[in-house]
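Notes follow the structure.
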Amino acid sequence: MNTVAPSAPAQASRPVILSIQSHVAWGYVGNSAAVFALQRLGFDVLQVHTVLFSNHTGYGQFRGQILGAEHIRDILAGLRERGALQKVGAVLSGYLGNADTGAAILDAVNDIRQANPQLRYLCDPVMGDVGRGLFVNPAIPDFLRDQAIPFANIITPNQFEFELLSGTKLASTEEAVAVARQMRGRGPDTIVITSLATPDIAAGQLGTLAVNGQGAWLVTTPRIDLHPLPNGMGDVFAATLLGRLVDGRALPEALELATATLYSLVQGTQAGSRDLPLVAAQAQLIEPAARFASRQVA
């Protein structure tokens, strides 16, 4: 006798998520990481790739190409003709090959918002990190600061990217909250700063700070002594955070779950690996082994 899983009706009613970012044949970054994470959380995902590479840049040499804005627009037009975009309840964007591609993404978000004003757009402003510096096209920071960030509902920069976007050098979590609140005035409702290591955060700890109109919450986790750190951490975090929020979790709980998932995946990464064990440790996407409580700081 055929049976239907109890969760099937709830999953069927979930909105579709459109994810527009990079794709690699080998490794877990961009869509290669985010799509699987969202699918394991029960979402159907429309995947649009901004680049097609053999592997991510953490491996050094790679082959492939950056896909032009017209290619992105063409794929999105096809999805629109199939009626797929009308089902989208959230959009996730990450690594951009160039600013023209970013403009195509914003046009798509605007188009979907006309039909669904409740659309959530999470922009992960991928630009660089401490130690590596800036690793994107020089036009990307200005595009993100001036166009994408004001358009987004949620942004998830790491500390390096947040300081680049805000033109500040953070001295404390209190200052991070204040600057994030100023940035909220430019558009995004929710700002989440990852890899926060201001002087007031205890040695051996990293912070993840979330700020919205209701308050500010901080989750701290132990630093994991792993060199090199795997690529794709921000991509998995942004995807799982968005999935939890779309699923109806309040920001503090979504922050706790996304942080715990990433921590558990990094903790399970083999020394020397350039990638998270996304398939082998996929249970961490659903029910992370580690849990860290959020603390309201403002």
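Set the Cα radius of gyration of region 150-298 against 2.2 N^0.38 Å, with N its number of residues, and you get 1.00. In plain terms, the chain is cut at each of the chymotrypsin sites (Phe, Trp or Tyr not before Pro) found in a DSSP loop with at most 16 other Cβ atoms within 10 Å, and the longest leftover piece is 136-298.
For the chain, a simple Cβ point-charge model (Lys and Arg +1, Asp and Glu -1, everything else neutral) yields a dipole of about 360 debye relative to the Cα centre.
Here Rg and Dmax of the Cα atoms in Å was calculated from the structure, and among [x] 18.1, 67; [y] 19.3, 59; [z] 18.2, 63 it sits at label [z]. Where does region 132-193 land on Rg/Rh, using Cα atoms and the Kirkwood Rh? Result: Rg/Rh = 0.94. Per residue, the convex hull spanned by the Cα atoms of region 1-141 measures out at 145 cubic angstrom.
Largest mean-square fluctuation among 92, 257, 226, in a Gaussian network model of the chain whose springs join Cα atoms under 10 Å apart, belongs to 226.
Its alpha carbons considered, region 30-86 gives a radius of gyration followed by a Dmax of 13.7, 40 Å. Between 118, 173, 188, the Cα set farthest toward the positive side of the dipole of region 114-204 (charges on each charged residue's Cβ, about the Cα centre) is that of 118. Around the Cα centre of region 199-296, unit charges on the Cβ atoms of Lys, Arg, Asp and Glu (plus for the first two, minus for the last two) sum to a dipole of about 60 debye. The modelled label-to-label distance between residue 184 and residue 63, using points 7 Å beyond Cα along the C-beta direction, is 4.9 nm. Considering helices alone, the calculated mean residue ellipticity of the chain at 222 nm is -10500 deg cm²/dmol, with DSSP H runs of length four and up weighted by -39500 (n - 2.57) and normalised per residue. Note down the accessible area of residue 70, probe 1.4 Å, to the nearest 10 Å². Accessible surface of residue 70 is approximately 130 Å².
The values are calculated or read from the model by the stated rules, or taken from the named source; none is laboratory data. Note that the structure is a prediction, hence the values are computed from the model and not measured. Methodologically, a virtual Cβ is constructed for each residue, glycine included, from the backbone with ideal geometry; neighbour enumeration extends over all protein chains shown. These area figures cover heavy atoms from the full protein model, side chains too; ligands, DNA and RNA do not enter into them. Shrake-Rupley method; radii C 1.70, N 1.55, O 1.52, S 1.80 Å.
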